[in-house]
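Enquirer: I have a structure I would like to understand better, so I am pasting it below and will then ask my questions one at a time.
The values are calculated or read from the model by the stated rules, or taken from the named source; none is laboratory data. From a predicted model like this one, the values you see are computed outputs, not experimental measurements. Every residue, glycine among them, receives a Cβ derived from its backbone with ideal geometry; neighbour counts consider all protein chains shown.
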Amino acid sequence: MMICGVELTGSDAVLCFLHLDRGQFSLPDCKERKLSLPKNHAREDLMQFQRSFAELMTEKGVSRVVIKERMPKGKFAGGAVSFKMEAAIQLIDGVEFEVRLLPSALIKSTLSAKPLPVPFADTGLKAFQETAFTAAYVGHVAK
């Protein structure tokens, strides 16, 4: 099963693809590490973001997209643009993948019960992809 972990930050959707086959995890090669929405975006830009995201997920054979949930209020609240991107991803129509939001509490409890099998530094991913990688891992092991 191929999962795409997503962290929405600012106007970027940071991506990490994680494949699980017979109990073994692998990180498929992917040059797309993030998709961005222009700061001063119009409706067409949001629709283009949605199309690009859907095409990439279909191309990679993703069966589940997991998005690290952001807080709507408070010190760590997500911005308006990231909530638009989340909605655009959730509203993609006619595709073969499901979209799940992962609350921080679920991520924390899952990592406590089933720690990452490898240190992040050994994955070869970029530092900014760590949260997306963690989301993808939790998306595989959490029920």
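Enquirer: Specify the residue that is farthest from Cys4 (Cα to Cα); the eligible residues are those in the stretch 65-106 that are of a type in the set (D, E, K, R) and under 15 Å from the mean Cα position of the chain (by Cα).
Expert: We begin by selecting, within the stretch 65-106, every residue of a type in the set (D, E, K, R); these are 68-70, 73, 75, 84, 86, 93, 96, 98, 100.
Applying the additional criterion that residues be under 15 Å from the mean Cα position of the chain (by Cα) yields 68-70, 84, 86, 98, 100.
On the way: Lys68: 11, Glu69: 14, Arg70: 17, Lys84: 19, Glu86: 14, Glu98: 10, Arg100: 10 Å.
Ranking the candidates gives Lys84 first.
Enquirer: Starting from the stretch 10-25, take each residue that is within 16 Å of Lys60 (Cα to Cα) and without any contact (Cβ under 8 Å) to a residue 40 or more places away in the chain and list its partners that are in a strand (DSSP E or B) and of a type outside the set (Lys, Arg), counting only C-beta distances under 9 angstrom and pairs at least six apart or across chains.
Expert: Note: pairs meeting the criteria are His19/Met2; His19/Ile3; His19/Phe25; His19/Ser26.
Enquirer: Moving to a separate point now. Quick check on my filter: what residues within the stretch 32-87 are outside any helix (DSSP H, G or I), among the aliphatic types (A, V, I, L, M) and within 13 Å of Leu15 (Cβ to Cβ)?
Expert: Initial filter on the stretch 32-87 (outside any helix (DSSP H, G or I)): 32-42, 61-79.
Pick out the ones that are also among the aliphatic types (A, V, I, L, M) and you get 35, 37, 42, 62, 65-67, 71, 77.
Matches in the stretch 32-87: Leu35, Val62, Val65, Val66, Ile67.
Enquirer: Next up: Among the listed residues Arg22, Arg70, which satisfies the condition of being modelled with pLDDT under 95 and more than 18 Å from Ala132 (Cα to Cα)?
Expert: On the way: Arg70 fails: more than 18 Å from Ala132 (Cα to Cα).
Result: Arg22 is the single residue among Arg22, Arg70 that is modelled with pLDDT under 95 and more than 18 Å from Ala132 (Cα to Cα).
Enquirer: Only one residue in Leu102, Leu116 is in contact with an Asp or Glu (Cβ under 8 Å, 6 or more places away or on another chain) and surrounded by 13 or more Cβ atoms within 10 Å (Cβ to Cβ). Which one? Give the derivation first.
Expert: Values: Leu116 fails: in contact with an Asp or Glu (Cβ under 8 Å, 6 or more places away or on another chain).
Going through Leu102, Leu116 in turn, the sole match is Leu102.
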